[in-house]
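All remarks here apply to the structure that follows.
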Amino acid sequence: MSSTRLAILSPAARGPMSLPASMGQLVASVESHQEVWGCWLQSWDLPVTISEIALFLDELARQALQQGREVIWAPMSSASSSVRLVLHGSAQPEALRRALTTLHLQNFMPGRILHCQRDDLALVLHGPDGPLSAANHSLIEALEGISLDVAVTTLWEKGYFQLLLTDMDSTLISIECVDEMADHLGLKRQVAAITERSMAGELDFQTSLRERVRLLAGTPASTIDTIIRERLQLSPGARALVTAAKAQGVEVGVVSGGFTQFTRYLQETLDLDYAFANTLEIVDGQITGQILGDIVDAAAKADILDLLAISLGTDASHCIAIGDGANDLPMIRKAGVGIAYHAKAVVRAQADFQIRYGGLDTASTYLGWGNS
C-alpha cells in the first residue's frame, strides 16, 4: 500500500506547526514531535498518495515558507526500508536542515528519534531499499564546512557484529611509532625521505618498512619503552569504543604494520582480544635493523580479518574494520563495515563511513551501540 511521509522542520523558537484539524483522520502515526538540535522536528505517516493531498501539501508548504519553516514529503511503498541517520558533533540546526534536505532529494524521510544528546543525534529514516553509499557521499558534500560527522547506516540488530579490527598508528593511537622512534634518535629526516619515496610509488610498503627499520640498527631496545612511556597516546575515544564493543559482545583486535612491542602494550592496556604486528629482531638488548618473519602488510591485514572471522564462526560481513591509510584499504573493503578515521582521501572515498572530526567513539555512535 502506498503512503506519504510528511515532515516539518521549524526553528525551536517558533515551536511546532499544527496540521489542519481536517487532516487528523489521515494521520496513521505521529513518528516524531520533538525539539532536537535547536529545531522542532515533526513527522507523520499519511495513508494516502501524494496526488490525493496535493492541494493540501502545496498550501501547507506556502504557509510554512511564510513562517520560516520547511515542509518536505515523499511517497512511500511497501518496498521502503528503515535506516538510521547519525549526526555526531556540536548541535547545529543548519547541519540538521542540510542533512534532511539532502536526504529528501533521494526520497529519504525522517521518522522517530532514536537518541538525542548534546553531541549525538540519531533518528530513523524511511526510504528506498538499496546501497547507502550515494546517500553518505551526498551528506559529506552537503555538510562541507561544518565540523560534524554524519552517516546513514543500517539498523543492525544487537549481535550482528562479531569482530572489530583496527589499525594502530594514527588510528588506535595518535602517533606513528616508527616516526617517533626516528625523531627520538635524530633520524627523522632520513625516515621522512623513505616515506616520501613510498608515497610517490617508488617503494612498496614492505621495502619501505625494511629500509626504515634498517636505520634503527644498533638502537637500544629500551628506546621502545621510552617511546611508549613518553610519546604514545591513545586516540580520543579509543577506550570508549573498545568498551562499547565489548558491551555488545564484539571481540576487538589491533592489526598493524608496526611492531609487536607497541601492540602488546595496547592489548594489555585496553584488554584487546587480538594483537598482530611485525617482530623486530633484538639481540643483546639492541635492535638489529631486521624484521623477523613475514611482514604484516595490506594483504595480511585483510587475511587476518578473514581468518579471525572464520575462527569466530562467521565471515567478514559481520566484521568492522577501521583505518586511516592505503594499507588499510583491503581490510576496510573486505569488512561488512569499513570506517575511515581521519584518513587519506583515497581511504575516505572507499570506506562505508568517515570520521573526519570526532574521536573513535564516533564509530560506536554510527553502529548504534548504546543509543538505539
What does the helix-only formula give at 222 nm for the chain: each DSSP H stretch with n ≥ 4 adding -39500 (n - 2.57), the total divided by the residues, and the result rounded to the nearest 500 deg cm²/dmol? -10000 deg cm²/dmol
Would you count, across the chain, every pair of lysines whose alpha carbons are under 25 angstrom apart, provided the pair is eight or more residues apart or spans two chains? 8
In vacuo Debye sum over C-alpha of the range 81-154, base-10 log of normalised intensity I(q)/I(0) at q = 0.12, 0.17, 0.19, 0.27 Å⁻¹, listed in q order, is -0.26, -0.54, -0.69, -1.43
Counting sequence-distant residues (5 or more places) and residues on other chains, those with an amide H built under 5 Å from that of Phe259 are Asn278
Given R₀ = 30 Å, what would the calculated FRET efficiency be for Ala192 paired with Glu141, taking r from the Cβ atoms and rounding to 0.05? 0.35
Report, by chain and number, residues whose modeled amide H sits under 5 Å from the one on Leu164, excluding near sequence neighbours (fewer than 5 apart, same chain). Glu251, Val252, Gly253, Ile320
Please report, in whole Å, how far the alpha carbons of the chain spread along each principal axis, starting with the longest. 86, 41, 35
Largest-first principal axis extents of the Cα set of the range 247-344 (Å): 44, 29, 26
In the chain, taking the dipole from +1 charges on Lys and Arg beta carbons and -1 charges on Asp and Glu beta carbons about the Cα centre, the listed residue (Leu312, Ser51, Leu172) farthest towards the positive end is Ser51
Rounded to whole Hz, the Karplus (6.51, -1.76, 1.60) HN-Hα couplings of the range 339-348, x for glycine and proline: 10, 8, 10, 6, 9, 5, 4, 5, 6, 4
Taking all protein chains together and a probe of 1.4 Å, list Lys344, Lys334 from the most accessible to the least accessible. Lys344, Lys334
Grab the Cα-Cα distance for Arg14 and Glu94, subtract it from 0.36 nm times how many residues apart they are, and report the gain in nm with one decimal. 27.2 nm
From the backbone phi of the range 317-330, what are the Karplus-calculated ³J(HN,Hα) couplings (6.51 cos²θ - 1.76 cosθ + 1.60, θ = phi - 60°) in whole Hz, Gly and Pro given as x? 5, 9, 10, 10, 10, 10, x, 10, x, 4, 6, 9, 4, x
Pair Arg210, Gln66: separation of 7 Å Cα→Cβ label points (nm): 7.7
Connecting C-alpha atoms closer than 10 Å in a GNM of the chain, tell me which of Val283, Val347, Val255 has the biggest fluctuation. Val283
Given the options Ala244, Ala192, Ala302, state which has the largest fluctuation in a GNM of the chain using a 10 Å cut-off (strictly under) for Cα springs. Ala192
Using θ = phi - 60° and the Karplus form 6.51 cos²θ - 1.76 cosθ + 1.60, what ³J(HN,Hα) does each residue of the range 109-118 get, whole Hz, x for Gly and Pro? 10, x, x, 6, 7, 8, 6, 8, 10, 4
For the range 163-367, what size does the Cα cloud have along each of its three principal axes, sorted from largest down, in whole Å? 45, 35, 32
Low-density loop GluC sites (Glu not before Pro), the range 182-244, at most 16 other Cβ within 10 Å, DSSP non-H/G/I/E/B, are Glu202
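The values are calculated or read from the model by the stated rules, or taken from the named source; none is laboratory data. Keep in mind that this is a model prediction, so the values were computed, not measured. Reconstructed Cβ throughout: ideal geometry from the backbone, glycine too, with neighbour counts over all protein chains shown. Side chains included, ligands, DNA and RNA excluded: accessible areas come from the protein's heavy atoms. Shrake-Rupley method; radii C 1.70, N 1.55, O 1.52, S 1.80 Å.
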